[in-house]
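Read the structure below first, then the notes.
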Amino acid sequence: MTRQNKPWTVQWHIVADGTVIRQRSKGDQPHEQLFGTHATNQKLELADLEALDYRIARNQRFFNVLAAVLVGVGVIDVVALAAGMVLAWVGVDAGGALVMPALLLLVGLLIAIGAAQGLMLRRFNRAWTDAGFASSNQVTMAASEARSLIAAPGAVSGRPVRVKNA
């Protein structure tokens with residue numbers, strides 16, 4: 001029996017008092033839905049929340065490409081390092097000439113990976129604060145409480161958007 005991997009959907013809700021709720025769902029059943037509220041610094045509109053989702057998705061695409069490039073360079077570097085060590089062990093003079101640059105590049109890649117991770121976290125957190133949120137952290141809500149707030153008069157809901165990871 002294969003387990004079906006359902007896609008996530010994310011939907012924003014703004015209730016009458018201005019509380020922002022983010023609903024993450026893998027289906028229509030209550031156990032497939034998660035609700036969280038975020039502290040905000042200002043009154044937000046659905047357009048602000050959709051712009052936040054777009055900015056986060058754009059940043060994620062950029063960092064996916066960057067990670068792929070770093071992994072590709074890393075693989076080539078490890079192959080060059082291994083080839084240099086094998087050639088040096090066999091006694092070929094050119095083998096030793098490959099080892100030191102490959103080691104230096106490996107150290108540079110480790111530094112670049114750490115810097116990229118820090119940059120990614122700063123850009124992610126900056127997107128949330130620029131959108132009017134106190135932080136990117138959410139407080140999980142009980143589903144029954146969230147549904148009653150969303151169903152109350154004055155609440156508005158955005159459109160559900162499919163995402164890879166919620």
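Data for the structure
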read-out	value
Candidate set: the range 124-166, residues that are part of a helix (DSSP H, G or I) and polar (S, T, N, Q); chosen: the one nearest to Ala68 (Cα to Cα)	Asn125
Residue match in the range 71-83 (condition: closer than 30 Å to Pro160 by Cβ and either surrounded by 12 or more Cβ atoms within 10 Å (Cβ to Cβ) or in contact with a Gly (Cβ under 6 Å, 6 or more places away or on another chain) (or both))	no
Test result for Leu66, aliphatic (A, V, I, L, M) and within 30 Å of Ser157 (Cα to Cα)	no
Lone qualifier among Ala127, Ala134 - being surrounded by fewer than 14 Cβ atoms within 10 Å (Cβ to Cβ) and in contact (Cβ under 8 Å) with a residue 60 or more places away in the chain	Ala134
Filter result (surrounded by 14 or more Cβ atoms within 10 Å (Cβ to Cβ) and at pLDDT below 90) within the range 97-116	Leu98, Val99
Count of the range 28-66 residues which are loosely packed, with under 15 Cβ neighbours inside 10 Å and among the polar types (S, T, N, Q)	4
Cross-chain or 6+ apart pairs with Cβ under 7 Å, the range 94-123 first and in a helix (DSSP H, G or I), then among the charged types (D, E, K, R)	Ala102/Asp77; Leu105/Asp77; Leu106/Asp77; Leu109/Asp77
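A quick yes/no check of all residues on (1) more than 23 Å from Ile56 (Cβ to Cβ); (2) of a type in the set (Phe, Trp, Tyr):
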{"position": "Met85", "(1), (2)": "yes, no"}
{"position": "Trp89", "(1), (2)": "yes, yes"}
{"position": "Gly108", "(1), (2)": "yes, no"}
{"position": "Ala112", "(1), (2)": "no, no"}
{"position": "Ala115", "(1), (2)": "no, no"}
{"position": "Asn125", "(1), (2)": "no, no"}
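The values are calculated or read from the model by the stated rules, or taken from the named source; none is laboratory data. Model, not experiment: these values are computed from the prediction. Cβ sites come from the backbone with ideal geometry, for glycine too, and all protein chains shown count toward neighbours.
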